[in-house]
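Visitor: The structure follows.
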Amino acid sequence: MQRHIIHTLLVVFIAVAAGLTGCSKSSDDHLKIGIAGVRTGTDGSIGGAMINGSIIAVDEWNAKGGVLGKKVELVIRDDEGKPDKAVSVARELVSNGVAAVIGHFNSGCTIPSSPIYNEAKILQITPGSTNPKVTEQGFPALFRIIGRDDQQGTIAAKFMREKLGLTKIAVLHDKTAYGEGFANEVKKTFLANGGQVVVFDGIPRTELDFRANIAVIKSSGAQALLWGGMYSQSGPLYLQLRQAGLDIPFVSGNGTIDPNFLDAVGASASNIYITFGPDYENLPAAQPFIKKYRSLYGKEGAYSVYGYDAANVLLEAIQAAGSADAAKVAAVLREKTFNTVLGPVGFDAKGDLKQSNDILWTVKDSKFVPAP
Amino acid sequence: MFTRLRNYILGFLGLAFITFPFLWLSLKYNYATGNVATVLNWAHGVKFFSNLTVAFAIVAILMALHYSNKKWNWSHPILLTLRPLAPLVEQPWWTPFLMVVVLSAAFYLDHKSLGLGCMLGIYMILALGLNITIGFTGLLVLGYAAFYAFGAYLFALAQQYIPGLQWWVAFPFIFVLGSALGWVIGLPCLRLRGDYLAIVTLGFAESFKELIGNLNLTGSDIGLSLSARSMVKAIPGLTVLQTTYIIVTVFLFVILFAIRRLYLSPIGRAWVAIREDEVAANSMGIDVVRMKLLAFAISAGIGAVAGMLFILYSSYINPATAAFEQSVIILAMVVLGGLGSIYGVMLGAALLYLIPEFLRDSQLIQDFSPNFSDYRLLIFGAIMVAMMLLRPQGLLGSHRHKHEIKRDT
Amino acid sequence: MSPPPKAKDGGTERNEWNPWRNLKHIFFNPKKKLRSFRNQPLEKDIKPTVSLPPPDIILGGLVRGSIYGLVALGYTMVYGILGMINFAHGEIFMIGMFTCVFALGLLSTLLSTTTLVNLLLATLVAMIFSAAFGYANERIAYRRLRKAHILAPLTSAIGLSIILQNFVFLTVSKDNISFPRVYSDQLNKVAFTLGGVHFNYLQFTILGTSLVLMAALFFFIHRTRLGIAMRGTAQDQLMASLVGIPVNKIIALTFVLGSSLAAVAGVMVSMYQSVAGWNSGYIWGLKAFTAAVLGGIGNIPGAVLGGLIIGLTEDITCYYFGSNWRNSVVFLILMIVLIIRPRGLLGERVADKV
């Protein structure tokens, strides 16, 4: 009797499943845009702020009547900052029928997911992945609206070697595609310019006690510390460096730009240099966006404006191309120059920014300010 | 016990049917203004329910397989000559149809469902492999993901030196090398009691993860990415993903069949005897050391093959594959499904893999609240605790486990 | 029957195939080593071949180790009594961190002072909260599973730890929160300088507090009635209940004690690394658990010893080989110790149950 019931249930289930999978395809007159980023996990807050920026841009376009006469519908997916999840998110977005994807945030997620978008002929524009390898893969419809690590690394290394006149530096990184890539670029440029890298070491993402690394740096006599990693570790690293009595410059990349870093280091922080894009907070073009963002979500993250720009550039290109076809949109993206919040933006053949707009920042009175 | 289970399922189904009409009405959240409006959205409701149905179907199929232990009467002299065919025919009558349905899913499933299917198959293989050591033999292994990552890295590295290496060439080598690694790790571990064995395997997995994270050969922490096109020769007329799905499914069937035969063979009985009482098993003439090593080796080999399949699917590998969390998730699949129960651990794999994915992807849930997917891990943890409290022996406990002597208190 | 092939002339036997020589050639070729040094001429500047690690490495290792030991006590006590691994213990440690930071914020606004008394009070609050969490965990997730298969409570502990992590992640903060600098700066002063190396009061405070607490726990378990009841329960729950020991209460007490010690460790860690994060419980918990196993699980001095060894190994590895290798070395040592001495360094021999 028991088996009987089970079998009946089984047959019913299979019938219903087969019936429903057939009719589940929905056709609507929306233009679907995917956003893949990180909302949970260690990078949850900085990645979430990026997604919010894109949402604002899309809402603005929808309020104006949409793109190509269609409303834009967002499909937002969380890749947890993990490469394997990013692959399944990419497949999910592809089967969801998105016309283009904004994302992913981490370089480690963008690299494995981009072949999937490429295969499905879907345009991808990343607002946060800076590892050179992302665009070096040579995919025709992959763009990034942020400077590359080698551009950033050159700025940081030249600053230390030429402006500060240092000869010996220590380099630490967080063993991710972003952190290690950035650290390697700095090391390469610094060595090429006649400097010495006396410590080069990786620290796991979850580690927050750096006393041993700092002791090594201290005994090596380094004149500056370069940190390739995210803000969650930058704060404690800076503080512990100062507590050990080392007042050497603390140089870092754009992963450190986050209000959380300012909270952690406190008001007395000094001798910090960070490479990042232009100062959007004082740009007049950015004021409406900042106002809107703060009224909706509170204080914006460092990548919110990149998320906003990426969405705007993408939708503008789709509008100009007259269709959402990846090849046509890519051609428009390569030709045109777009006016964004961060200034005019154009893309080269690889899909990188024609000129990186990165500058050096410093921390003063608990604020990020452009370095003098 | 069965009636209670049936009640659970019927109750669950009833709940689904009662709440169903409400699911058609989805909430539309306006990001810019923060307003919430009610919208009638048929498509999302259908999709939600069809997802749910697929999940229920998987549960029902595995339960049906679990509870049907059909034995034929082979005593007739004519039938006796056909006895060697017993494993092929002693299945529920609908097994061949099921296999055809699952295989042909490659043709009618969409891109995303195929991806889910591939990963689900890989997790099922992993759960089946770990079940050999933990469920059958009673050896607590906490570092199973290391073998998984070992197979994946082996295949990825081989790909780099021998471009275009096909999976069917690599597969026997990966199985043998994975088994050898399992043997080597198992060898010193046999002196250890259960929990210590767990810790040593955990230590091995962590060291292995750090090792592949530090070597330049293995792409350090960034990992290796390969091209799926060169690895999988697509069957004419099918895409690469469809071919991968078929490969994974065939591997799942073969491994499932092999493990079922092993479990019922003298080796499987020896494993169970060791689990129940090692001293008694030894005195009955079972070579405990050899049997334990065999369990270790086969389990590790299956893990390595699953790693190879993972590379075929994702064409990307990084050290996080060998992370402790990964081992723990596989372990949880085995425990949740029912230690030592073959269809049980497959059910555990299905639930633990599909629940977070379902919570992530469901558009309906996202309509209710755009931030809902952030809560999925919380729900996942709660489900894990609740299931353990309700059924500590696992969802589909093994028949033989019923007779296991309870741990004295 | 041809004679075995000989070397063409007596002197060139070295050129014959000789596995041992080849191995030596691969592994110990001095020329090769020199070449690798020449490629990276700077390695020599950083790490002289033979030198003792500087005192700050040793002290840092001891401080880390003492915290591992303190957290490991919770693992080891629960294991000693229930024979199960409490995987949610790291999360209790993390709850302690966050409670302390909140309590400090509350206290400094309520009392409008920033003295170290506040810190003590906040630690007390954190201990109480963590103890409550530990007790609740035991009641909800473990008590019903006490007689089930050993893996059942393990799985439910993993589920709990996922719940607690995500609870803090979603409700409190997705980022690390900073420990109030007003308090940590009071302890983070330089106590003395030795050869250009700064020693903080905080480091000595942590070391001292941990050692005192460990000693107190040792005294509690070996000299008080409750401690004796605990040891009795660990030996045989049935017999203990027969002689009138309230077994359930004793087990709850174990969880409460372990959790409050973890809370103290959490407070000190968040002060030491200046931030508290929702995922710190995992990494510290895993290492502490390793420490407990290394020292012999179920053994209290063993947990302390294991913690100190792991802390020191980590930092010394970091000095000689770089922090890339520190986890590898720790787990490698654990594996070797367990294979040579399966019961851990100080563990007692436990007869296998038949």
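Visitor: How many angstrom separate the Cα center of region A:69-122 from the Cα center of region A:179-253?
Guide: 33 Å
Visitor: Tell me whether region B:205-313 comes out rounded, prolate or oblate; compute the Cα gyration tensor, take square roots of the eigenvalues as a ≥ b ≥ c, and use a/c under 1.5 as the rounded threshold. Walk me through the intermediate numbers first.
Guide: Numbers: a/c = 4.99, a/b = 1.60, b/c = 3.12.
Judged from the Cα gyration tensor, region B:205-313 comes out oblate (a/c at least 1.5, b/c at or above a/b).
Visitor: Another question, if that's okay. By how many degrees, between 0 and 90 and to the nearest 10, does the Cα long axis of helix A:107-119 differ from the longest principal axis of chain A?
Guide: Once rounded, the angle reads 30 degrees.
Visitor: Still on this model: Consider a paramagnetic label point 7 Å from the Cα of C:LEU124 along Cα→Cβ; state which residues of region C:147-182 have an amide N under 12 Å from it.
Guide: It comes to no residues whatsoever.
Visitor: Sorting C:SER156, A:SER220 on the 10 Å Cβ count, fewest up front, what's the list?
Guide: Lowest count first: A:SER220, C:SER156.
Visitor: Given points 7 Å out from each Cα along the Cα-Cβ axis, report the C:ASN248 to C:LYS147 separation in nanometres with one decimal.
Guide: Result for the modelled spin labels: 1.3 nm.
Visitor: If you average the alpha carbon positions of region B:140-156 and of region C:101-126, how far apart do those two centres end up, in angstrom?
Guide: Region B:140-156 and region C:101-126 have Cα centres spaced 47 Å from each other.
Visitor: Taking 0.36 nm per intervening residue step and subtracting the Cα-Cα distance, what contour gain separates A:ASP29 from A:ALA349 on full extension?
Guide: Contour length minus the Cα-Cα distance gives 112.0 nm.
Visitor: For the cross-link pairs A:LYS133/B:LYS233; A:LYS32/A:LYS70; A:LYS175/A:LYS299, which exceed 18 Å when the distance is taken from alpha carbon to alpha carbon?
Guide: In this structure, A:LYS133/B:LYS233; A:LYS175/A:LYS299 lie more than 18 Å apart at Cα.
Visitor: For region A:150-276, what does the alpha-carbon gyration tensor say about shape, rounded, prolate or oblate, given a ≥ b ≥ c as the root eigenvalues, a/c under 1.5 as rounded, and a/b over b/c as prolate?
Guide: Judged from the Cα gyration tensor, region A:150-276 comes out rounded (a/c under 1.5).
Visitor: Using Cβ counts within 10 Å as a stand-in for footprinting exposure, how do A:SER270, C:SER184, A:SER232, B:SER283 rank, fewest first?
Guide: So the ranking, lowest neighbour count to highest, is B:SER283, A:SER270, C:SER184, A:SER232.
Visitor: Mind checking the mean number of beta-carbon atoms from other chains within 10 Å of the Cβ atoms in A:215-224?
Guide: Average neighbour count from other chains, rounded to a whole number: 5.
Visitor: Please compute the average number of Cβ atoms from other chains found within 10 Å of each residue's Cβ in peptide A:231-244.
Guide: 4
Visitor: Peptides B:207-219, A:106-118: what's the order by average Cβ count within 10 Å, highest mean first?
Guide: Answer by packing, highest mean first, reads A:106-118, B:207-219.
Visitor: To continue, here is another question. For the pair A:LYS188/B:LEU217, report the inter-label distance in nm, with labels modelled 7 Å from Cα in the Cβ direction.
Guide: Here the answer is 2.4 nm between the modelled labels.
Visitor: Apply 1/(1 + (r/R0)^6) to the Cβ-Cβ distance of C:THR115 and C:LEU226, taking R0 = 51 Å, and write down the FRET efficiency to the nearest 0.05.
Guide: With R0 = 51 Å, the Cβ-Cβ based efficiency is 0.95.
Visitor: Work through the residues other than A:TYR303 whose Cβ is under 11 Å from its Cβ and net out their charges, Lys, Arg +1 and Asp, Glu -1.
Guide: -4
Visitor: Further, regarding this structure: Can you work out the PRE-style zone for A:ASP365? Point 7 Å along Cα to Cβ, and I want the residues of region A:263-282 with backbone N under 14 Å.
Guide: Zone members listed by number: A:267-269.
Visitor: If I model a spin label at B:ILE355 and C:VAL190 as a point 7 Å from the Cα along the Cα→Cβ vector, what separation in nanometres do I get?
Guide: 5.4 nm
Visitor: Per residue of C:125-132, what is the mean number of Cβ atoms on other protein chains within 10 angstrom of that residue's Cβ?
Guide: 0
Only the coordinates and a few stated rules stand behind these numbers; no lab work does. Remember, predicted model here, so these are calculated numbers, not experimental data. Virtual Cβ from ideal backbone geometry, glycine too; neighbours counted across all protein chains shown.
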